[in-house]
Amino acid sequence: MALRITRFDGDEGTLLQIDGRLGVEGLGEFERARAGVRLPLSLDLRGVSWLDERARETLRRCVAEGAKVRAAPPFIALLLATEPPTANQEPLG
């Protein structure tokens, strides 16, 4: 699946729903969707099937800036983790 980003603006912030493969080619589209969002920003990554290193670092930066990951496949959650999960830690999503 090609990349699809759907933006939902509400009174309580913005949700970006991302589906498909997010790589360097799609980062411009992601940044355009992210421009002017209502805070807080939430990311729904449940439809992401692949990330390259630049996309991973971009998403990690968004999380560091306050974005919340609302849903993500386990392998994407592990890629975004800043620290290795421990036995007692639940993955993102």
Seminar exercise, completed: Those residues of the stretch 1-24 which are among the aliphatic types (A, V, I, L, M) and assigned to a strand (DSSP E or B) amount to Ile5, Leu15, Leu16, Ile18, Leu22
Problem set entry | Contacts under 8 angstrom Cβ, first residue in the stretch 48-77 being free of Cβ contacts under 8 Å to residues at least 12 places away in the same chain and over 18 Å from Ile5 (Cα atoms), partner crowded, with 16+ Cβ neighbours inside 10 Å and among the small types (Gly, Ala, Ser), 6 or more apart | none
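Filter the stretch 24-45 for residues that are exposed (fewer than 15 other Cβ atoms within 10 Å of the Cβ) and over 17 Å from Val63 (Cβ atoms) and give the result.
Start the filter on the stretch 24-45 by keeping residues that are exposed (fewer than 15 other Cβ atoms within 10 Å of the Cβ), which leaves 24-25, 28-29, 31-32, 35-36, 38-40.
Listed by number, the residues that qualify are Val24, Glu25, Gly28, Glu29, Arg32, Ala35, Gly36, Arg38.
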Problem set entry | Residues being in a loop (DSSP other than H, G, I, E, B) and over 17 Å from Asp9 (Cβ atoms) - total across the stretch 25-65 | 2
Seminar exercise, completed: Taking first residues from the stretch 1-13 that are surrounded by fewer than 11 Cβ atoms within 10 Å (Cβ to Cβ) and second residues anywhere that are assigned to a strand (DSSP E or B), the pairs with Cβ under 6 Å that are 6 or more apart or on different chains are Met1/Gly20; Ala2/Gly20
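All of the numbers you see were taken from the coordinates with simple rules; none came from a lab. As the structure is a prediction and not an experimental result, all values here were calculated from the model. Every residue, glycine as well, gets a Cβ built from its backbone with ideal geometry; the counts of neighbours run over all protein chains shown.
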